[in-house]
Amino acid sequence: MSLLVRIHQWLSFLGNFTSLGLAYILQTIFILIFVGISFVALIYIFRKYMARIQRRVGPNRVGKFGLLQLIADLFKLLGKESIMPERRDDMAYKLAPIIVIIATMLAFMLLPFGNLAYFGSLAVTHSKVTLILMFGILSILPIGEILGGISTKSNYALLGTMRAVAKDISFEIPMMISVLAIVIVSSRSYVTGGAITGGLSLSGIVANEIIPYGIIEPLGLLIFFISMVARASYSPFDLGESDSELISGYTTEYSGMRFGLFYVGLFGMVYLSSFLISILYLGGSNGPFDHYVGFIYLFIKTDILVLISFLIWVTLPRIRIDKFVNLGWKYLLPLSMINLVYAGLFVLYIR
Amino acid sequence: MVATVKEIKMPKKPVPVIGSLKGMLNMGKYMFTKPVTTQYPENKGEIPERFRFRIFLVPEACVGCTLCSKICPNHSIKMEHWDLDRTGLENNVVQTARGDRKNLQNKRNIYPDVNFGTCTVCRQCEEICPTDAIYLTHEFESARTRNSFTYSPEELTMQEEDVIK
Amino acid sequence: MSHWIELNVGPVHPSTHGIYRFRVKLNEETVEDVDITIGYLHRNAEKICELSYFVNNIIYFDRMDYIDAMNMELAYLRAVETLMDMEVPERAQWIRMIMAELSRIAARMVGIGAVGLDLGMLTPFFHTFHEREKIQKIFTEASGGRQEVNYMSIGGVYQDFNEKIINEIREFISQFKGKLEEMVKMLLDSEIFWQRNEGIGILEPEVALDYGVTGPMLRASGIGYDIRKDSPYLFYDKVDFEVPVAKTKDNLGRFLVKVEELRQSIRIIEQCLAKLPDGPYFNPKAKKSAMLLLKGQGDVFTRVESESGEFGVFIRGDGGVKPYRVHARSPSFKNLAVVPEMTRGVLIADLIATIASVDAVAGEVDR
């Protein structure tokens, strides 16, 4: 029994239609709060973690251990004057951060969070095509970056946007092909050998993922991980920002809360990509007693991935744009093709 | 003399991915070491013995020779008239008819006046002073508002907490 | 038809260390032309030096290459002492040598860390700065100042070495050897670092000589020119060290030459500590009120090897207590001027990597 059904039952005195709608809204708010708190915790953890690797202490002034630092930062950003460039394209300029943040938030609504104790399944969306929806939403994100970059009429932002677009295009295809390989593998149960439906929904994939797909196709895991680093756009692939070359890339002309939204979107993307990797490749919420503590498994896997991502972020230098595009087209694309063929052969073999 | 020139040995190029992983672990292991930074207001750290900042003045020893104001590279030190008539001074001071105490060696009654806004703590006033009247101390927390960096001779004899600006 | 945009790298930009401005003509990502504007940190130091006593000018030289203050002082004092025929006691000269080499290490720590920082690698910078902090602690222990030290005086040094300082230097040297290799490994382990530096920013030796480039940049182009060897000052002819040279002419070569020089600096300091004699550490002719009466007449030009190259000081004295003219030949100025030659037709990311490897200090460029 899922959380959605439970809320629906509690509110059944309101009539079927109203209670179902309210249940959806309530659960969306519940997940939004969870995601919002996660973002704040994530930025705090990132700052502490980076500080410790660099032998510093990190935030430690506001509240105990600096726990309230992010809240203070939020108020600072809200209180700041939003300085806008004069020759901006007003609508696009203001829309861009909103697109980024909404797309990130929406993507979280599609994740199969697994079961947690009494609440049951925490997933909001019970669609059969969440995989397609997810990558559809992910492809909205670059639109925000592009709008933000070109609407400000700044040369730094323009170059940053060009880089961001090149990055997104060259890594979209390997990413999608490696996801396709997952769909192929999950179309057939490797326990019974029989065909399975629901391979296009994330929850369906997780349900079939008794052995994590990362073990079956490690190449796909590698490609997907690299693509996700590129999509989330942190070092070594932070070409949209390139902070030592282009000041701050497409976010150069943003200040105040609008910049804050881009920043949160970046961390949201790190979190989301870790979720996706753990769902698609590392078994998601599967494990012993997963009908009771599945969410915990997913959460732990995701957090370990987040820590690995942060370690990559602070230790690797930025790759140059031409080498980066080369990596996408000349190495990852053929490798993802090989991975696809391998997935097909694997499915044929287990049948 | 013939230069001993040595061509450097090129280090081995790292293996892709594995080299990066090694570097990551190399840096990541500092996660488990203690931070090396100190938190300033709580932990001021050790101040080395020769560390110098705030200038102090021994008015009894000052002979008003103006050497410190001459050598000051930024003209931070100016000489200022000050009738030294406080009680409690022991050396070089005699009782006058009016009952005041005076520094007899300083005939012109001029003492240095330091503007810390421009002082670069070069320590040359301390170096040149013939009677060691002007000296620098470990005192360094002397933050002030913009227009109150100038210390009169009287304030130069006081501790930092007593100087009210 | 060529489309280009103009991009300002500087004066306020994360990757210009100090303040100077590159007006970059860009064709998409490719750099077509670089135009350097300097003068944002011009403090008129040479003119101010004419207005103050000989002893006072040390602090203005401290502030030229502010990350390598000891070598700046040394350069000025060499000129002044030659002008005045001032003798420096032997102990003071050895102390100066130790301090100059420590200062070189401290300055290189900034340079090497910043190479990583400009390539987007955040962590090594903090490790190199921690090492620099240790040297600055030794400087504070010896002189009382952290960065603008004002340690050397005409005819010697202001304060003598004591056991504590020598022990601290020994301690620093012994731990620094391992730490240096570790920090270099942090950078060199990553193949992206190699990609970004190998074969980028080629500086041909002929071009380097035309522009008057010196220091590690010239040595990375294959010419082993080092003042410490070619026209030795202090006791550099009595210690044993090598001049590293790279034939690669690129950013990586410059980085490796800088690292190798650090190893040589450690060797020099070790030998200096072993040879440090007892005796006076200052010349009494330049103490107390005699400080104001130091006079000099004639023209003098002396050079030292600072962290960025050949730093020369010209002084003309007219017999008065103040110099008639002071001029500094700054290596960073020349090294920076050659950047357009090195970066024609490269990508903008390579321009940034090249600027990082040149490591010009704005205070010295503008004086």
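Screening A:Leu298, A:Leu307, A:Leu316 for residues that are within 22 Å of the chain's Cα centre (by Cα) and within 30 Å of C:Leu351 (Cα to Cα) leaves exactly one candidate, A:Leu316. Would you check if there is a residue in segment A:281-291 being in a helix (DSSP H, G or I), away from every other protein chain (no Cβ under 14 Å), in contact with a Pro (Cβ under 8 Å, 6 or more places away or on another chain) and hydroxyl-bearing (Ser, Thr, Tyr)? Checked segment A:281-291: no residue is in a helix (DSSP H, G or I), away from every other protein chain (no Cβ under 14 Å), in contact with a Pro (Cβ under 8 Å, 6 or more places away or on another chain) and hydroxyl-bearing (Ser, Thr, Tyr). When restricted to residues that are within 11 Å of another protein chain (Cβ to nearest Cβ) and touching a Ser or Thr at 6+ places or on another chain (Cβ under 8 Å), segment B:38-64 contains 6. Among the candidates C:Phe314, C:Phe333, C:Phe301, the residue that is modelled with pLDDT under 90 and among the aromatic types (Phe, Trp, Tyr) is uniquely C:Phe333. Criterion applied to A:Ile215, A:Ile210 was being closer than 30 Å to A:Phe346 by Cβ, part of a loop (DSSP other than H, G, I, E, B) and more than 14 Å from chain C (Cβ to nearest Cβ), and the one residue passing it is A:Ile210. In this entry, C:Glu101 passes the filter for residues that are more than 12 Å from every other protein chain (Cβ to nearest Cβ), crowded, with 24+ Cβ neighbours inside 10 Å and either among the small types (Gly, Ala, Ser) or closer than 25 Å to C:Glu310 by Cα (or both). If you take the residues of segment C:199-210 that are surrounded by fewer than 19 Cβ atoms within 10 Å (Cβ to Cβ) and modelled with pLDDT of 85 or more, which of them is nearest to C:Phe311 (Cα to Cα)? It comes out as C:Leu209.
When segment A:79-134 is limited to residues that are assigned to a loop (DSSP other than H, G, I, E, B) and of a type in the set (D, E, K, R), the one that is nearest to A:Leu4 (Cα to Cα) turns out to be A:Lys128. Out of C:Val304, C:Val326, C:Val239, one residue alone is of a type in the set (Val, Ile, Thr), assigned to a loop (DSSP other than H, G, I, E, B) and more than 10 Å from every other protein chain (Cβ to nearest Cβ). It is C:Val239. Only one of the numbered conditions (1) out of contact with any Pro (no Cβ under 7 Å at 6 or more places or on another chain); (2) surrounded by fewer than 21 Cβ atoms within 10 Å (Cβ to Cβ); (3) farther than 17 Å from A:Ser273 by Cβ is violated by A:Leu333, and that is (1).
Looking only at residues in segment A:135-188 that are under 18 Å from the mean Cα position of the chain (by Cα) and of a type in the set (Phe, Trp, Tyr), the one that is nearest to A:Pro334 (Cα to Cα) is A:Phe171. I need every pair where a residue in segment A:15-44 that is farther than 20 Å from A:Phe119 by Cβ has its Cβ under 9 Å from the Cβ of a residue that is outside any helix (DSSP H, G or I) and among the hydrophobic types (A, V, I, L, M, F, W, C), sequence separation at least 6 or different chains. Close Cβ pairs satisfying both conditions: A:Thr18/A:Leu11; A:Tyr44/A:Leu67. Look at (1) modelled with pLDDT of 80 or more; (2) farther than 23 Å from A:Val57 by Cβ; (3) under 21 Å from the mean Cα position of the chain (by Cα) and you find that B:Pro41 fails only one, number (2). In segment C:85-103, which residue that is in a helix (DSSP H, G or I) and among the acidic types (Asp, Glu) is nearest to C:Phe314 (Cα to Cα)? So the residue we want is C:Glu101. The selection criterion, being assigned to a loop (DSSP other than H, G, I, E, B) and crowded, with 24+ Cβ neighbours inside 10 Å, holds for C:Met121. Taking segment C:133-213 and the helices (runs of 4 or more DSSP H) fully enclosed by it, the elements with 1 or more residues that are within 13 Å of chain B (Cβ to nearest Cβ) and over 24 Å from C:Gln93 (Cα atoms) are at C:163-188, C:191-197.
Among the residues making up segment A:11-49, a single one is in contact with a Ser or Thr (Cβ under 8 Å, 6 or more places away or on another chain), of a type in the set (A, V, I, L, M, F, W, C) and either in a helix (DSSP H, G or I) or closer than 20 Å to A:Phe108 by Cβ (or both): A:Phe13. Right, C:Gly317: under 30 Å from A:Pro317 (Cβ atoms) and either surrounded by fewer than 17 Cβ atoms within 10 Å (Cβ to Cβ) or in contact with a Pro (Cβ under 9 Å, 6 or more places away or on another chain) (or both) or not? No: the conditions fail for C:Gly317. Selection over segment B:65-76 of residues that are surrounded by 18 or more Cβ atoms within 10 Å (Cβ to Cβ) and either in a loop (DSSP other than H, G, I, E, B) or small (Gly, Ala, Ser) (or both) gives a count of 5.
Can you tell me which of C:Leu252, C:Leu256 is free of Cβ contacts under 8 Å to residues at least 40 places away in the same chain, more than 26 Å from C:Arg91 (Cβ to Cβ) and crowded, with 20+ Cβ neighbours inside 10 Å? From the options C:Leu252, C:Leu256, the qualifying one is C:Leu256. Pairs are defined by a Cβ separation below 7 Å, a sequence spacing of at least 6 or placement on different chains, a first member in segment C:345-361 that is under 13 Å from C:Gly120 (Cα atoms) and touching a residue at least 60 places away in the same chain (Cβ under 8 Å), and a second member that is among the polar types (S, T, N, Q) and assigned to a loop (DSSP other than H, G, I, E, B); the pairs so defined are C:Asp350/C:Thr343; C:Ile352/A:Ser244; C:Ile352/C:Ser15; C:Ala356/C:Ser15. When residues of segment C:140-178 are filtered for being surrounded by fewer than 17 Cβ atoms within 10 Å (Cβ to Cβ), among the charged types (D, E, K, R) and under 25 Å from B:Phe51 (Cβ atoms), how many remain? Here the count works out to 6.
Filtered by the rule that a residue be part of a loop (DSSP other than H, G, I, E, B), within 12 Å of chain C (Cβ to nearest Cβ) and of a type in the set (Gly, Ala, Ser), segment A:234-257 gives A:Ser235, A:Ser242, A:Ser244, A:Ser248. Checking A:Gly58 against (1) over 30 Å from A:Ile150 (Cα atoms); (2) assigned to a helix (DSSP H, G or I): exactly one of these is not met. Which one? That leaves (2) as the condition not met.
Among residues that are in contact (Cβ under 8 Å) with a residue 24 or more places away in the chain, more than 14 Å from chain B (Cβ to nearest Cβ) and closer than 30 Å to C:Ile192 by Cα, C:Ser265 is included. Taking the criterion of being within 19 Å of A:Met257 (Cα to Cα) and modelled with pLDDT under 85, no residue of segment A:47-68 qualifies.
Among the residues of segment B:27-42, not a single one is among the small types (Gly, Ala, Ser) and in contact with an Asp or Glu (Cβ under 9 Å, 6 or more places away or on another chain).
The values are calculated or read from the model by the stated rules, or taken from the named source; none is laboratory data. Just so it is clear, the model here is predicted, and its values are computed rather than measured. FYI the Cβ positions are ideal-geometry reconstructions off the backbone, even for glycines, and counts take in every protein chain you see.
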